[in-house]
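Have a look at the structure below, then the notes.
Values in this text are rule-based calculations from the coordinates and carry no lab data. Note that the structure is predicted; figures quoted are calculated from it, not measured. Cβ atoms come from the backbone with ideal geometry, glycine included; neighbour counts cover every protein chain shown.
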């Protein structure tokens, strides 16, 4: 039994448990509400950043743009486009090592996701600010990206084919094959004619005549097959030319690309174009 001035051991333990429970609750509450407060701050930060980006895009998109029917890029607009790319590249370059490191990971963790979103938003913000500053709409920017990459490919084709366009090069490949096939058809036709002439020789044995007849029939069949093949290739060549026209670039664009080629290639940024950047 406890004395008048003391407290029983059981009472002390009970009070200790209550205090521990209260303190534990305080810690849990602090963690929960602290986490909620942190999350609230992040949400407000992301929301504020997105609002700013959209406001900048709205300013940029107020600049009128009509896509030229001939797809020709004007030099002054290319210079502005490169200015935008330069600014975005500066942000991209700051995070290049980080981006590459995250790309090598087999499985991303929450930290990777958070950092990647942060980096992406920095790049988006830089692009939106640059678009607004130089006065270029998103539609014009996308047009420039499309035409420049198309021109890059057309330029390489022209280098390798003596100045041919993509559609001309595609058609020429089929034309060469068709020409070779037509030459083979002519050779088969000559063999057919020769075997027919040889068969008229009165001194031939029945076995020789049969052999020549078989050769003539084989040559005839080859002629028919090659004639059909040549016709099919001619049709395919026309279709290839038509399809490849979508990859043709105006000569003016190729000349402009070559003038600014070092800068265009310098500010190429991996897969950011796939994200609309």
### Task
Figure the gain on full extension for residue 164 and residue 182 (residue separation times 0.36 nm, minus the Cα-Cα span) and round it to one decimal in nm.
4.1 nm
### Task
Take the alpha-carbon centre of the stretch 163-183, take the same for the stretch 251-265, and report the distance between them in whole Å.
27 Å
### Query
What is the extension gain from residue 204 to residue 247, computed as 0.36 nm multiplied by their sequence separation minus the C-alpha to C-alpha distance, in nm to one decimal?
9.4 nm
### Task
Can you tell me how much longer the chain between residue 228 and residue 149 gets when fully stretched, taken as 0.36 nm per residue apart minus their C-alpha distance, in nm with one decimal?
24.6 nm
### Task
Please order 136, 223, 211 by the number of other Cβ within 10 Å, starting at the fewest.
211, 223, 136
### Task
Give me the distance in nm between label points sitting 7 Å out from Cα along the Cα-to-Cβ direction at residue 51 and residue 189, one decimal.
8.0 nm
